Each structure stands twice: as C-alpha cells, then as structure tokens.
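**Q** What follows is a single structure, and I will ask about it in a moment.
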Amino acid sequence: MDLHLELDPRRKVASLEQALRAAIVERRLEPGTRLPPSRSLAADLGIARNSVAEVYARLVGEGRLEARVGSGTWVRGVPGPPAGVRVDRSTRFDLDLRGGLPDSSDFARSAWTRAVARSLADAPTAAFAYGAPEGAVELRRALAEYLARTRGVVAGAGDVVVTHGFGELLSLVARAIAARGGRRIAVEAYGHASHREVLAAAGLEPVPVPLDADGLVVERLAALAVDAVLVTPAHQFPTGVPLSASRRASLADWAGSAGAIVIEDDYDGEFRFDGRAIGAFQAIAPAQTVYGGTASKSLSPALGIGWGVVPAALRDEVLEQRRLSGSATDAISQLALAALVAAGDYDRAVRGARLRYRARRERFERLVAEGLPGTRVAGLEAGLHCLLELPAGVGEPEVEQAGASLGLRYGGLAGFAADAATAASRPPTMVVGYGAPPEHRFEQAVAAVVASVEAARRSAPRA
Ligand SMILES: Cc1ncc(COP(=O)(O)O)c(C=O)c1O
C-alpha cells in the first residue's frame, strides 16, 4: 500500500510514531488495513528498519496494531462505524477532551485587556527596548511573591526565569544539563511523549521509572545513574496520584546525595479541589530543584508564558541556553501578567477556574456513574483531567475510534506510556480532560464519552 505520512525530517522516528497513531485514531487508516513491511517503509523513509519495527511494536503494545505471524502488521479494531452510533462527519473532533486543556471560552478577556492597558500606560520607556533574558523584573517579583504564598516555593525575584511555557523551560534546563556533561534523565513511566522528545532533542536519554499508588518509585533512581529526574509531584500526569510525603523526602535525599537535578513540573498545582493542597516539592530541596509552572492552564496557552525557579548553580547555564536558542518572552505580556498578579486578578482567575473545574469533576463522576454503571473514575480530585477505567473487554483503541466517529478527541492511557512494558501494565483506561469544552457543551461532551464507551462495548467480541 502507498502510505502518506507527513514526517518531520529532523525527528523522523518520533514523528512516524505520532503520524501513524494519529492516522489510526482519526480513522484515516481503517481497521483491517495492512501496513507496509517495516523493511520497505524504512527504505521509503530513509530510516533504519529496526526503528520502524520498534514503532510498530509500540503501537502493537498500545493495542492499535496487531502483528499476525507470517502475514504482517495490521490496524486493529472493528471495521466500519461502531454499531448503533450515528456518525456525523461534520462534527469530527469539535469536542476536545484531551487531558489537561483549559476552557478557552473562559479566558479572562476583560481582566487581561485592563492589565495590558494599565501596564502599557505605566511602563517606563526602557520596557520597549530588548529585555533581560531572565524576563521582566516586574513579573519575576510578582511571581516570586505569588509562588511563595500559594505553593510554598522558596524564591526571590532573582531566582525566577520567565519562559515560553513549561515546554521551553524544560528544553532550556535539559540543554543546560547536557552541556555540563549530563547524559540520562529519569522520567515517570507515564507522561507527555512531547516532553520525552524535548529531553531527547536536548541530548538526554529519558529513562522510564515506574509509578505506584505513592507516585514515582523513587527508590529505583539510585541504580539508574541518571543526572536528573522530571517529575509531577502535585498531581502525576496523567495517572493523577500525588507523590507521597515519604517519597518526597526520599527524592530530596537522593537528589542531595547524587548531586542530581529534580525538574518539578507543577503544571496544575493550583487546582486541587479537596482543600488538601500539598506545597511544591522545591521547598524541601531548593538547591537541587528547578520548579516549573505555567499560565497555560490558569489563563490560556495562547499567552505562551511559563516560569522556572532555577537554583543559582544552574541559572547562568540556563540563561546561556536561552541566549543560544534566540528566544525571548514578549515584554508587554509579561508586564500585563505582572499587573494581573499585582491587582489580585490572577488569584481571582485561578480561584474561579478551580471552582468551575471542581464542579465539572463532580458532574463528570455523577453522569458517568449514571451512564456507565460499573466503571470507575480515578485520579486525585484535582486539575483538569481524570482517568476513566473501561469495562471488562473494552479496549482503548476501540473507544478512541468510537469517540472519533462522534467528533470526540481523547485518548487512552497507553498513549502516554514511556515504553511498551508500561503500556501493557495497566487495564484499559481513558484519560479524560474535562476542562476544555465550553460550559454549555459540557453535558454533551460527557454524553459523547458515555456513548463512545457504549459503542465500543457493543462491538467488543463476547467473552
Ligand atoms: C503535564 C504538563 N506539564 C506542563 C504543561 C504546560 O505546558 P506549557 O506551559 O508548555 O503549555 C502541560 C500542558 O498541557 C501538561 O499537561
């Protein structure tokens, strides 16, 4: 067969995996389609045959492909639209329930407009020249105060580096670690593939570490000879467990004795609903920890603003990497965010969003209990996503496909696994982001989730 896949020439293998996964989920590759032999696809793409075979094996591990002995690799699943589901192609993918996206319709437009106007009026002339690589001092001051107050972070304005979201911070820190000779970084066994790719692109090898009910199994780190670890202590992404107190203490001990860096991704630390928010890990190991946060969830990813609290021993190297990357954060947005924080509007936006997401989480659990009795919603009551454990016999790829037919975009847990063994280690579970749909479509979105699981259940072979 002739297969059209758009690959990024700089990262062909990773983009082949993404492109194949997307083509299967979006049904551009129908169930029952036979894929080209790894040898011929490798020759077409100019990559090693083993790399193609590994991509196929990972997608087999996720249940998206199946390898039939002697007859090649096939797209798994049931051909045709799931039984009983009305397919309306005009609504494809117009409900995005991927884990962790905020409700963009909720952006605090008037508060942001006021903050931009106020900061433009007040800014000194120097604000319109090239700015400092670490960001505007007004914002760094405001963030240091905010992070100390709300997350217990140990920081002064001089410790804060403003970046283009957490993604840029991760890239800069990884490059700084690689530039000083670091080679390996531990990652949680489940997480964003894009973050693992950022680390690999910076020259660090991501080494998966298992997770259990207490979060990252920190005891494994000592044997791995890693230079750093990337971790989501407040609310593991996407499995939803917090790192326990004893694991936090062990992580701090390990980092101190190994001289390693902990990169703390506090992407949704402000959104704990049960009033038992745990402060940032950084507070117990500030000299070893890079704390990272973002405005992507509290305000909007469109602003492209994140921040790091970077220990003194690494700061110059991180700023040097920023200089080399040619990147900078727009000064007007930084001043506006500083004004928003200073006026208390940022706190108000976070509080309002927390209440809304909390109510959505409760509604989600109630509607799922009614629509899908016997399924379990898991993951801490926090953030913008949760896990939906699927009924026996129902697989993630089938639910993804049924969801896609209904115009729903969401994925299974296996899609976040760092390796095939991890992908196969948990029962089929969907990662559901309840943050993104606008309020008036929320119930419709949950109904579509229920319908996608029901459709997959109906088409599952009877045990
Ligand atoms: C686990 C995790 N970390 C960090 C982020 C934020 O990334 P950024 O600030 O680059 O938008 C996200 C956003 O979805 C996320 O899910």
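**Q** Cut-off 14 Å, label point 7 angstrom out along Cα-to-Cβ of R276: give me the residues of the range 365-406 whose amide nitrogen falls inside.
**A** The answer is 379-382.
**Q** Applying 1/(1 + (r/R0)^6) with R0 = 45 Å to the Cβ-Cβ distance of H4 and D214, what FRET efficiency is obtained, to the nearest 0.05?
**A** After rounding to 0.05, the efficiency reads 0.50.
**Q** Something else now. Heavy atoms only, probe 1.4 Å: what % of the accessible area of the range 109-198 goes to carbon and sulfur, would you let me know?
**A** Carbon and sulfur: 57 percent of the exposed surface of the range 109-198.
**Q** Okay, next question. If you stretched the chain out fully between I332 and D96, how much longer would it get, using 0.36 nm times the residue separation minus the C-alpha to C-alpha distance? Could the numbers behind the result be given before it?
**A** Working: separation 236, 0.36 × 236 = 84.96 nm, distance 3.02 nm.
Difference between extended and current length: 81.9 nm.
**Q** So, one more: Over the Cα atoms of the chain, each weighted equally, I'd like the Debye log10 I(q)/I(0) at q = 0.05, 0.08, 0.10, 0.12 Å⁻¹, rounded to two decimals.
**A** Reported log10 I(q)/I(0), two decimals: -0.19, -0.49, -0.77, -1.10.
**Q** Below 15 angstrom from the Cβ of V368, what's the summed charge of the other residues (Lys, Arg +1; Asp, Glu -1)?
**A** Within the 15 Å Cβ shell, the charges total -1.
**Q** Now for a different question. Let me know the whole percent of all Cα-Cα pairs from the range 109-343 that are separated by more than 26 Å.
**A** Cα-Cα pairs of the range 109-343 separated by over 26 Å account for 34 percent.
**Q** What length, rounded to one decimal in nm, is gained on full extension from E26 through to A302, with 0.36 nm per residue of separation minus their alpha-carbon distance?
**A** Full extension of this stretch gives 96.9 nm more.
**Q** May I pose another question? Show me the three semi-axes of the equivalent ellipsoid for the range 12-75, from the C-alpha gyration tensor (sqrt of 5 times each eigenvalue), largest first, rounded to whole Å.
**A** So the three semi-axes of the range 12-75 are 17, 14, 10 Å.
The values are calculated or read from the model by the stated rules, or taken from the named source; none is laboratory data. Please read all numbers here as calculations on a predicted model, not as lab measurements. Using ideal geometry, Cβ is built from the backbone for each residue, glycine included, and neighbour counts are taken over all protein chains shown. Note: accessible area is taken over every heavy atom of the protein model, side chains too, but ligands, DNA and RNA are not part of it. Shrake-Rupley method; radii C 1.70, N 1.55, O 1.52, S 1.80 Å.
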